Amino acid sequence: MSVLETSEVKRFALEKGADLVGIASVERFREYPQDRQPEQLLKNAKSVIVVGVRVLADTIKPNLLLSALHHITLNIFHNQIAYEIGRLLDDFGYHAVVVPHRIGNLDPDLRSSPDYMEIYPRLFGISTRHAAVEAGLGIFGKSRLLLTPRFGPRQRLAAVVTNAELTPDRKLTLEEAHQLCPPHCKACFGACPGKALTLDGIDWRKCNDVIRPHNGQYGYSACSECMLSCPAGLTFHKNSINKTATRSL
Ligand code: B12
Ligand code: SF4
Ligand code: SF4
């Protein structure tokens with residue numbers, strides 16, 4: 001098996017269109033619930049590669065249909081980038097499990113079931129937001145979205161779990177986390193139409209009550225107020241942190 005360098009994987013992901021790429025070692029998931037560890041997807045997993053593609057805020061603003069279609073477009077795009085990375089790993093003789101995001105709607109009965117919030121996330125094996133934090137791409141905002149220095153919460157994510165031993169990225173520090181989501185900020189709380197966001201975290205059921213009807217009406221979860229209202233990432237400039245994993249300006 002020929003060796004695939006970490007820098008080559010990253011360059012490949014950026015060339016395929018990723019705006020963000022980061023790498024976590026599986027050791028970083030040791031404290032996670034057993035069923036949320038990468039080994040659940042690939043027994044001899046060593047690394048998790050996370051890719052992000054930017055949300056264009058102006059496109060999700062005008063109405064819910066444009067917003068839903070934009071989110072679907074990004075899901076297709078990051079799924080394809082993750083698949084391409086899986087193919088590259090396969091060419092080099094490694095194993096790869098691609099963790100994409102859904103394009104179509106799920107069964108509406110499942111979506112309305114009281115167990116939906118427990119069943120649905122588990123279908124994906126790992127949480128790509130958590131993986132992105134472990135891969136040094138950003139932090140959890142009070143909105144529970146991934147915030148990155150360049151895009152704030154305005155990106156969507158896919159991941160690849162692999163047995164290739166890649167060099168993990170540095171995680172963001174607490175100080176960097178406070179810069180991104182300052183303790184005094186609560187902008188997303190007031191913007192959320194479902195009143196789902198508080199200092200206690202997010203009430204997923206309240207959020208789902210807002211976005212569930214969008215799936216039937218517009219083809220996808222369309223509400224994005226927590227993304228639009230967040231000031232993080234709006235003042236990013238070239239010399240900001242973590243730029244090596246970011247598509248060049
Ligand atoms: C399920 C899901 C939802 C559910 C939420 C239900 C839920 N319980 O998570 C619903 C439908 C409500 C939802 C809503 C939205 N979602 Co969504 N969703 C997902 C999905 C598929 C899985 C998330 C997941 O695993 N949740 C389960 C767990 C991890 O949730 P948790 O509360 O964070 O974790 C708890 C426990 O599991 C445990 N735990 C978990 N890990 C660990 C680790 C340790 C160490 C410990 C001790 C404990 C622990 O502790 C936590 C606290 O109780 C991801 C894609 C993916 N594969 O990851 C997208 C994803 C998170 N969604 C996304 C988006 C954008 C949205 C929406 C804006 C809707 C839209 N227009 O697309 C809203 C935003 C809501 C918000 N403010 O976060 C993006 C987020 C991008 C970003 N910048 O962060 C993702 C990553 C999809 C993507 N393609 O990019 N989503
Ligand atoms: S997607 Fe909408 S309802 Fe859900 S947390 Fe964000 S702003 Fe609130
Ligand atoms: S709007 Fe403010 S509180 Fe909410 S995630 Fe963004 S920076 Fe944090």
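The values are calculated or read from the model by the stated rules, or taken from the named source; none is laboratory data. In this text the structure is predicted, and so the values were computed from the model without any measurement. Note that each Cβ is placed from the backbone with ideal geometry, even for glycine, and that neighbours are counted across all protein chains shown. With ligands, DNA and RNA removed, areas are computed over all heavy atoms of the protein, side chains included. Shrake-Rupley method; radii C 1.70, N 1.55, O 1.52, S 1.80 Å.
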* Structure fact -> Expressed per residue, the solvent accessible area of the stretch 1-149 in Å² (1.4 Å probe) is about 47
* Quick one: length gained pulling Glu27 to Phe124 fully straight, 0.36 nm per residue minus the C-alpha distance? -> 33.0 nm
* Excluding residues on the same chain fewer than 8 positions from Lys206, give the lysines whose Cα lies under 29 Å from its Cα. => Lys61, Lys142, Lys186, Lys195
* How far apart, in nm, are the 7 Å Cα→Cβ label points at Thr173 and Ile76? -> 4.3
* Relative contact order (%) - criterion: Cα under 8 Å, at least six apart; region: the stretch 1-49 -> 33
* Asked: Of the heavy-atom accessible surface of the stretch 1-99 (probe 1.4 angstrom), what whole percent is carbon and sulfur?
  -> 52
* How large is the charge dipole for the stretch 6-239, taken about the Cα centre, if only the Cβ atoms of Lys, Arg (+1) and Asp, Glu (-1) carry charge, to the nearest 20 debye? -> 460
* To do: Could you work out how far the C-alpha centroid of the stretch 114-138 sits from that of the stretch 1-58, in angstrom?
  => 13
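For the stretch 6-239, what is the relative contact order in percent, using Cα pairs closer than 8 Å and at least 6 residues apart in sequence?
Across the stretch 6-239, relative contact order equals 27 percent.
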* Asked: How much length is gained on full extension from Asp200 to Arg111, taking 0.36 nm per residue of separation minus their Cα-Cα distance?
  -> 29.6 nm
* What figure in square angstrom, to the nearest 10, would you give for the accessible area of Asp203 with a 1.4 Å probe? -> 60
* When we measure straight from the Cα of Lys16, which aspartates and glutamates land under 15 angstrom away, once same-chain ones fewer than 8 places off are left out? -> Glu8, Glu84
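Rounded if a/c is under 1.5, else prolate if a/b beats b/c, else oblate: with a ≥ b ≥ c from the C-alpha gyration tensor eigenvalues square-rooted, which is the stretch 74-169?
Oblate, because a/c is 1.5 or more while a/b does not exceed b/c.
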* Asked: Which value, in Å² rounded to 10, gives the accessible area of Val98 with a 1.4 Å probe and all protein chains present?
  -> 50
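Given contacts defined as C-alpha pairs under 8 Å and at least six residues apart, what's the relative contact order of the stretch 72-119, whole-number percent?
Details: 23 pairs, mean separation 17.7, N = 48.
Result for the stretch 72-119 is 37 percent.
Two decimals, Cα atoms only, Kirkwood Rh: what is Rg/Rh over the chain?
Details: Rg = 17.6 Å, Rh = 18.6 Å.
Taking Rh as the inverse mean 1/r over Cα pairs, Rg/Rh reads 0.95.
Can you tell me which of 123-131, 89-97 comes out highest on packing, and rank the rest after it, using the mean Cβ neighbours within 10 Å?
123-131, 89-97
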* Angle between the Cα long axis of helix 6-15 and the longest principal axis of the chain, 0 to 90 degrees, nearest 10? -> 50
